[in-house]
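The values are calculated or read from the model by the stated rules, or taken from the named source; none is laboratory data. On a predicted model such as this, the values are computed, not experimentally measured, just so you know. With ideal geometry, Cβ positions are generated from the backbone for all residues, glycine too; neighbour counts draw on all protein chains shown. Surface areas here come from the heavy atoms of the whole protein model, side chains and all, with no ligands, DNA or RNA. Shrake-Rupley method; radii C 1.70, N 1.55, O 1.52, S 1.80 Å.
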Amino acid sequence: MTEGTGIGAPVRRKEDKRFITGKGRYLDDINRTGQAYAYFLRSPHAHAKINGIDVAAAKASSGVVAVLTGAELAADQIGPLICGWAITQKNGEPHNAPAHPALAVDKVRYVGDHVAIVIADSLAEAKDAAEKIEVDYQELPPVVDIASALADGAPQVHDDVAGNLCYDWELGDKAATDAAFSGAHHVAKLDLVNNRLIPNAMEPRAALADYDSGIDELTLYTTSQNPHVARLVLAAFNGIAPENKLRVIAPDVGGGFGSKIFIYAEELCCLWAARKINRPVKWTGERSESFMADAHGRDHVTTAELALDQEGKFLAMRVSTMANFGAYLSTFATAVPSYLYGTLLAGQYTTPAIYCEVKGGFTNTAPVDAYRGAGRPEATYVVERLVEVAARDMGIDPAELRKRNFVAPDAFPYQTPVIMAYDSGNYQLSLDKAMEMINASGFAQRKADSESRGKLRGLGYSAYIEACGIAPSAAVGSLGAGVGLWESGQIRFNPTGSVTIYTGSHSHGQGHETTFAQLVSDHLGVPIENIEVSHGDTGTVPFGMGTYGSRSLAVGGSAIMKAADKIVEKSKKIAAHLMEAAVEDVEHSRGVFSVAGTDKSVTIAEVAFTAYVPHNYPEGLEPGLDETAFYDPLNFTFPAGTHIAEVEIDPATGVVEVADWAAVDDFGNIINPMIVEGQVHGGIAQGVGQALLENTVYDKETGQLVTGSYMDYCMPRADDLPSFKVETTNTPCPHNPLGVKGCGEAGAIAAPAALMNAITNALGKEIDMPATPEKVWQAAQTAQAAE
C-alpha cells in the first residue's frame, strides 16, 4: 500500500535506522587489504618561501613506504587544482587565477598549506616520520584580512597577481542607479561585515584511493557531495587518470554544508600516491585539519546604500563588497560573491535600479568557497539589514516598509534589474503569517515587561529570497560556469515489482532515500518499503551533478519524475497487450493500468514481471522495465519567506536570549513536511551560530589561525536556541514537474539578518556579527551613556 507514504506524507526517514543503530557506512569504516596510511605535513607559517625540503630521515623512518613532495607531483604532471567558474571583470579581462598546486613547490601561503605527504604502514608511523622532515622556510609577512590585502603596499600572496586582486566585477546599471540616488528623498547607508565561518560537518573529510594494476584502474572513496564532478575534474583537469579508468564512490557522508563539493589536495594526492606505491592509501582528516584546510565560508566587507522617496518606496540600491578568497581559488569560489550574490540583491522588492561591484582578493588564509546558502545569505544580510536601517531612519514600521515595496502576487513572472526572473510568490502572505505566529501586535507589551526587569527586547525581520534548483545549464554557462547543471534519474523495476532508483544527486543528511522513494511510491504505486535509492557511485549510477544549492528535489527529483513518465508510457503498451486493448484506451493511476469504461486492470507489478518474462508481449517492444531521464531546468527556483526573531538582552552581561522565532517559508509543493521542517531547523541553527557565536580569527601579525579548535571557535548548542515556530505557504514553481522550490538553505539564509535586526532593534545601535556578550555589553553601555 502507498497510502500515507506518498507525496505530502511525513514519512520517517528510511535511512535513519542504519544511522542510529551504528550501521552507517562512512568512509573511515571502509578499509582495503594492504592499505597504507597517509599523513600530510602542513605549513606552520602563513607565508613563506620554501628554500628546500629534506626528507631523507623521514624516508628511513620505521614503516615508511614513501615521502612525496610538490616537486615530484609537478614532475609527474599532476594538477594543479582548478577553479571551475570564469568571471569577466569590469575591464573585460578574465579573473586572475594563480596556480594552486596540491603540494606546495616554491611557497606556502597559509597555515595548513600542504607541503608533503608521508605514507606508512600505520598512521602513527606516518606521523612520526613527518616530524623528521626538515623544511627550510624563509618567512614572509602575511596579510589575512581582505581590506588590508587590497590596500596599496600589501604583501603579495602570489607574485603573478598584482595587488592581490582576483577580480573587480560589476552587475547592474550604474548610471541609472546613480541618477536615482541623486533624486532621492532619503539615503540609508550601512557598513557590514559578514564574518568568516568554518563549516564543521560532523564527519571530517577523508579519502581512500585504491589502484588495480591489472586493469590500470583507480577507485577513490571520498566524502564528496558530487562524485561525478569530482571524477570529471580529477580526470580532465588534474591528469590523474582517464575518466573511464577512475571510479569515485561517496558512501554515507556525515554532512557537507558545501564544504564537500570541492576537489581538495588530499584526494588528488592519495590517488597519485596509490598508483606510485601500488597499494591502497587512506587519509582521514582530523578536526584540527578541518579547521585549517577545509574551505571556509562568507568573509565579506560591504558598504550598502538604499535610496527612497518620501513614501518609503525603494528607488535604487548601491552595494560595494570586498570578498576574501583566501590563498587560492577553490573549485567554485569565484561564483559565490558574484553571480550567487549580486543577482539576489533585489530581494523581495521592486527596487528599479541596482548596482553592485565586488572586488575579490587573495589573503594568507584558507581558501573560501560555498557554505550553506553560498552568496544568498550574504545578499539577504545586506538587503534585510539595510531595509531595517531605512525603516528606522524614516520612522516607518519595518513590516510596513517591506509591504510597500514587495513584488505583488499578480506581478509574476517578475524581472529584476539583476538578471533573475522570479517565477512565483506571495511575499506579504508569508510576512503576515509570521507576524501572527510571533504575535507582533503584542510586542510592545512584552518589551515593556522586559524593561521593567532591567532587560532590553528587540524584534527583527528578514524577508529573504534565494535562487535554488541550480541551475539552467545555458544560463550558468553564459555566466562562466565550467559545467552544465542538469541532473539524471533512473528507475529500474525488478521482475518481482520492487524498484531501485539511481540518482546523480547525493544524500549526506537531506533524506533522499525517503523523499525520492515517496515520489516513485506516489506516482507508480510501489510500496515504499519495496523501493531502494542508490547514489554516490560513479560505477553504478548515471552521470549526475550532485547535491548543493537546494537542487536535489527540484532538479534531481524532476529527472526521476521524467523517468517515471517513461516507465508509465512503456507500461501502457505492455498493459494494453495483456488486456487486449488499444494503448490509447489505457489509463494509469498510481500503478494501476485500466481500460477506460471497463473493469479490466493490471498492476505495475504484473507489468514488470511481464517485461522480464516476455512470453506474452507486444511485438517489437524491448523487454525490461528500466528507464533513465535527464532534466535541465528552464529557470532557477525562488524559495522565499519571512523569519522573525525576538530577543531579550541583559545589558549587565551582554547575554542575548533568543526568546522566540517564527519562520514562514514558501517552498512550493512539499514532498515530506517532516524532513522540510528539520531542514529549516538546522538552517536556522547555523544562522544563529553565525549571528551570535561563530567567527574565524587569524592573527594579523603571524597569520596563525586563532580559532583552530572548539575551545576557541564557538558552535551553537541546544540551549542557544528557542523552540522554532515553522509554517509554510505555497505558490508552486510553475516550470518543474513537481512544483517544488527547495528548502535546504532557507534557514541559514534568513536567520542572520532576522537575529541581528532584533539585536540592533533592542540596543538602538548597530553592531556586526557575531553579537558576542562582550560586543553586546559594550554597545549597551555606549547606548545607555548616550541617553
query = Pairs under 6 Å by beta carbon, first residue closer than 17 Å to GLU203 by Cβ in the range 10-24, partner assigned to a helix (DSSP H, G or I) and open to solvent by less than 80 Å² (accessible area, probe 1.4 Å), six or more apart or different chains?
reply = GLU15/GLU513; GLY24/ARG18
request  = Pairs only if they're at least six apart or on different chains, beta carbon under 8 angstrom, first in the range 337-361 and on the phi > 0 side of the Ramachandran plot and open to solvent by less than 10 Å² (accessible area, probe 1.4 Å), second part of a strand (DSSP E or B) and not β-branched (Val, Ile, Thr); list them, first residue then second.
outcome  = GLY347/ALA463; GLY347/TYR464
query = When SER601 is evaluated against the numbered criteria (1) open to solvent by less than 40 Å² (accessible area, probe 1.4 Å); (2) in contact with a strand residue (DSSP E or B) (Cβ under 8 Å, 6 or more places away or on another chain); (3) more than 30 Å from ILE470 (Cα to Cα), which criterion, by number, is the only one it fails?
reply = (1)
remark   = Of the residues in the range 472-514, those that are at positive phi, open to solvent by less than 10 Å² (accessible area, probe 1.4 Å) and not assigned by TED's automatic domain parsing to the domain that holds SER571 number 0
key: Test: residue in the range 115-122 that is open to solvent by less than 70 Å² (accessible area, probe 1.4 Å), touching a Lys or Arg at 6+ places or on another chain (Cβ under 7 Å) and in a strand (DSSP E or B)   = yes
ask   = Within the range 229-247, how many residues turn out to be farther than 16 Å from ASP216 by Cβ, assigned to a helix (DSSP H, G or I) and open to solvent by 60 Å² or more (accessible area, probe 1.4 Å)?
value = 1
task = Could you pull out the residue among LYS90, LYS59, LYS23 that is over 30 Å from PHE516 (Cα atoms), in contact with a helix residue (DSSP H, G or I) (Cβ under 9 Å, 6 or more places away or on another chain), surrounded by fewer than 18 Cβ atoms within 10 Å (Cβ to Cβ) and of a type outside the set (Asp, Glu)?
result = LYS59
inquiry  = What's the number of the only condition in (1) of a type in the set (Val, Ile, Thr); (2) in contact with a helix residue (DSSP H, G or I) (Cβ under 7 Å, 6 or more places away or on another chain); (3) closer than 15 Å to ALA746 by Cα that VAL676 fails to meet?
reply    = (2)
query = Is it true that some residue in the range 308-324 is in contact with an Asp or Glu (Cβ under 8 Å, 6 or more places away or on another chain) and over 30 Å from LEU431 (Cα atoms)?
reply = yes
note = Picking from ASN31, ASN96, the residue that is in a loop (DSSP other than H, G, I, E, B) and in contact with a Cys (Cβ under 7 Å, 6 or more places away or on another chain) would be ASN96
query = Consider ASN530 against the criteria (1) surrounded by fewer than 20 Cβ atoms within 10 Å (Cβ to Cβ); (2) in contact with a Ser or Thr (Cβ under 6 Å, 6 or more places away or on another chain); (3) under 19 Å from LYS260 (Cβ atoms): it satisfies all of them except one. Which criterion is unmet?
reply = (3)
key: Tabulated pairs, the range 56-70, first without any contact (Cβ under 8 Å) to a residue 40 or more places away in the chain, second open to solvent by less than 20 Å² (accessible area, probe 1.4 Å) and part of a helix (DSSP H, G or I), C-beta under 6 angstrom, 6+ apart or interchain   = none
task = Within the range 34-60, track down each residue that is under 26 Å from ASP121 (Cβ atoms), of a type in the set (A, V, I, L, M) and in a strand (DSSP E or B).
result = ALA36, ALA38, LEU41, ILE53
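Rundown of residues vs (1) open to solvent by 10 Å² or more (accessible area, probe 1.4 Å); (2) at negative phi; (3) among the charged types (D, E, K, R), yes/no style:
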| site | (1), (2), (3) |
| --- | --- |
| GLY739 | no, no, no |
| ALA746 | no, yes, no |
| ALA750 | no, yes, no |
| ALA758 | no, yes, no |
| ASN761 | yes, yes, no |
| ALA779 | no, yes, no |
request  = State all residues of the range 187-213 that are closer than 19 Å to CYS270 by Cα and assigned to a loop (DSSP other than H, G, I, E, B); if no residue qualifies, say none.
outcome  = GLU203, PRO204, ARG205, SER213
remark   = Conditions (1) outside the structural domain of ALA241 (by TED's automatic domain parsing); (2) buried (at least 17 other Cβ atoms within 10 Å of the Cβ); (3) out of contact with any strand residue (DSSP E or B) (no Cβ under 7 Å at 6 or more places or on another chain) -> ALA151 fails only (2)
request  = Please indicate, with yes or no, whether at least one residue in the range 132-143 is among the charged types (D, E, K, R), over 30 Å from LYS313 (Cβ atoms) and in a loop (DSSP other than H, G, I, E, B).
outcome  = yes
request  = Under 8 Å between Cβ atoms, at least 6 apart or on separate chains: pull out the pairs that start in the range 733-751 with a residue that is within 11 Å of ARG551 (Cβ to Cβ) and end on any residue that is in a loop (DSSP other than H, G, I, E, B) and among the polar types (S, T, N, Q).
outcome  = VAL740/ASN669; LYS741/SER550; GLY742/SER550; GLY744/GLN510; GLY744/SER550; GLU745/SER550
query = Any idea which of THR653, THR696, THR642, THR702 is open to solvent by less than 20 Å² (accessible area, probe 1.4 Å), outside the structural domain of ARG109 (by TED's automatic domain parsing), among the polar types (S, T, N, Q) and assigned to a loop (DSSP other than H, G, I, E, B)?
reply = THR696
ask   = So which residues in the range 262-273 are under 15 Å from the mean Cα position of the chain (by Cα) and open to solvent by less than 10 Å² (accessible area, probe 1.4 Å)?
value = PHE262
ask   = Out of the range 167-208, which residues are hydrophobic (A, V, I, L, M, F, W, C), open to solvent by less than 10 Å² (accessible area, probe 1.4 Å) and out of contact with any Ser or Thr (no Cβ under 7 Å at 6 or more places or on another chain)?
value = ALA188, LEU208
Extreme residue, least open to solvent (accessible area, probe 1.4 Å), among residues of the range 288-325 that are basic (Lys, Arg) and part of a loop (DSSP other than H, G, I, E, B) = ARG298
inquiry  = Looking at HIS735 and the list (1) outside any helix (DSSP H, G or I); (2) open to solvent by less than 30 Å² (accessible area, probe 1.4 Å); (3) under 29 Å from LYS562 (Cβ atoms), which single condition is not satisfied?
reply    = (2)
ask   = In this structure, is VAL680 free of Cβ contacts under 8 Å to residues at least 60 places away in the same chain, of a type in the set (Val, Ile, Thr) and touching a strand residue (DSSP E or B) at 6+ places or on another chain (Cβ under 9 Å)?
value = no
task = Look through the range 415-446, keep the residues that are without any contact (Cβ under 8 Å) to a residue 60 or more places away in the chain and surrounded by 17 or more Cβ atoms within 10 Å (Cβ to Cβ), and return whichever of them is nearest to GLN310 (Cα to Cα).
result = GLN428
key: Set VAL568, VAL595: member being closer than 30 Å to LEU634 by Cβ and either open to solvent by 20 Å² or more (accessible area, probe 1.4 Å) or not polar (S, T, N, Q) (or both)   = VAL568
